[in-house]
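Enquirer: Starting off with a structure, shown below.
The values are calculated or read from the model by the stated rules, or taken from the named source; none is laboratory data. All values derive from a computational prediction rather than experimental measurement. Every residue, glycine among them, receives a Cβ derived from its backbone with ideal geometry; neighbour counts consider all protein chains shown. Keep in mind that these areas ignore ligands, DNA and RNA; they rest on the heavy atoms of the full protein, side chains included. Shrake-Rupley method; radii C 1.70, N 1.55, O 1.52, S 1.80 Å.
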Amino acid sequence: VELVEGIKDVVEHLFDCTVCRENFLEAYHGCKHGRCEVTDARGVVLWLWRLHNEVGQRVHGDTEGWPPPSSCPSCRSAPAAASWEEA
């Protein structure tokens, strides 16, 4: 998907944080979180969501991820969580 390539280009050429840029590019080139299987805009959003949650956990120790349960209690129910992953 062209959008994913554009995101990669922005990060690669415009991110000032070297560690952030290297971590992103490693995830990108390693097809982490299904990046290489992304075929549409919805897939891009879900890939970025998973990547964002991984960074939050690594940087802040955030084990809840986004959205936080306080913002979306129904997102944490088994059916809702499954639909995020199936999307």
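Enquirer: Per DSSP helix of 4 or more residues, -39500 (n - 2.57); summed, then divided by the residues of the chain. What does that give at 222 nm, rounded to the nearest 500?
Expert: Helices in the chain give a 222 nm mean residue ellipticity of -20000 deg cm²/dmol.
Enquirer: Here is a further query. Just subtract the alpha-carbon distance of residue 55 and residue 32 from 0.36 nm times their residue separation and send over the number in nm, one decimal.
Expert: 7.1 nm
Enquirer: Mind checking the dipole of the chain: about its Cα centre, +1 per Lys or Arg Cβ, -1 per Asp or Glu Cβ, Debye to the nearest 20? Walk me through the numbers before you get to the answer.
Expert: On the way: 8 positive and 14 negative charges, 48 e Å.
The dipole magnitude comes to about 240 debye.
Enquirer: Once you have the alpha carbon radius of gyration of the chain, what is it after dividing by 2.2 N^0.38 Å, with N set to its residue count?
Expert: Relative to the rule-of-thumb radius for its length, the chain sits at 1.16.
Enquirer: Let me ask something additional. How large a share of the accessible area of the chain, in percent, is made up of carbon and sulfur atoms when the probe is 1.4 Å and the other protein chains stay in place?
Expert: Ligands and nucleic acids excluded, carbon and sulfur give 57 percent.
Enquirer: Going by alpha carbons, how many degrees (0 to 90, nearest 10) lie between the helix axis of 41-60 and the longest principal axis of the chain?
Expert: Approximately 90 degrees, to the nearest 10.
Enquirer: Contour minus end-to-end for residue 63 and residue 22, with contour as 0.36 nm per residue of separation and end-to-end as the Cα-Cα distance?
Expert: 12.5 nm
Enquirer: Separate question: Please calculate how many Å² of accessible area the stretch 11-68 carries per residue, with a 1.4 Å probe and no DNA, RNA or ligand atoms counted.
Expert: Values: 3870 Å² over 58 residues.
Result: 67 Å² per residue.
Enquirer: Same structure, new question: Give the angle, between 0 and 90 degrees and rounded to the nearest 10, that separates the Cα long axis of helix 2-14 from the longest principal axis of the Cα atoms of the chain.
Expert: Taking Cα atoms only, the helix is inclined about 60 degrees.
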